[in-house]
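The values are calculated or read from the model by the stated rules, or taken from the named source; none is laboratory data. All values reported here derive from a predicted model rather than from experimental measurement. When we count neighbours, we look across all protein chains shown, and the Cβ atoms used for this are built from the backbone with ideal geometry, even at glycine.
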Amino acid sequence: AGHCQDPQRQQELLTIAAISRHNAQHRPTDFPQACQLFWYMNIILQYESNASSISLGRFDQYMLPFYQASLNQGQDPAYLKELLESLWVKCNDIVLLRSSSSARYFAGFPTGYTALLGGLTDTGRSAVNVLSFLCLDAYQNVQLPQPNLGVRVNELIDRPFLRKTAETIRLGTG
């Protein structure tokens, strides 16, 4: 960061460094910290074992407490959305090396990241939440093929969320 000429980028790099130092010894307490730890763990999985088709799991469920904590701390929702969009972009950074025939079959070099949204809670209620919607918004904004989004549909699914899911599918990004 010390050699960076752009003050805004320099501040971003300093923030990333501070978050990384925090995450090295403590659990994340907010959305930026959780996103950074999430990304580091995915890099480790990718580079350690060339792990294609990694399930990101129920992203909107396990990241929600961190998102809510950030909102409660007064962090700007637009900033948090930008972080999520950046995370979706990062999911497209890793390119798995495949043979040319595999690349033709897979229409390129997808990593197979899959994030699940919605579904039901442990008590049988709809699990759709504000982060579920934000995940779809971010995906619509970046319009990249990764991560694959899976939506768990059930009788209790929020109808506006189902419509937003259909709008996202309609984009045909992957």
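Quick notes on this one:
- Those residues of the range 43-81 which are within 11 Å of the chain's Cα centre (by Cα) and of a type outside the set (Lys, Arg), in sequence order: Leu56, Gly57, Phe59, Asp60, Met63
- Residue ID - modelled with the lowest pLDDT, chosen from residues in the range 87-120 that are touching a Phe, Trp or Tyr at 6+ places or on another chain (Cβ under 7 Å) and among the basic types (Lys, Arg): Arg98
- Options Arg170, Arg152: the member that is among the charged types (D, E, K, R) and in contact with a Leu (Cβ under 7 Å, 6 or more places away or on another chain): Arg152
- Residue check for Gly2: at positive phi, without any contact (Cβ under 8 Å) to a residue 40 or more places away in the chain, surrounded by fewer than 15 Cβ atoms within 10 Å (Cβ to Cβ) and assigned to a loop (DSSP other than H, G, I, E, B): no
- In the set (1) modelled with pLDDT under 95; (2) not in a helix (DSSP H, G or I), Thr123 fails one condition alone, (1).
- Residues that are within 19 Å of Leu136 (Cβ to Cβ), surrounded by 14 or more Cβ atoms within 10 Å (Cβ to Cβ) and either modelled with pLDDT under 95 or polar (S, T, N, Q) (or both), drawn from the range 39-69: Ser55, Leu56, Gln61, Gln68
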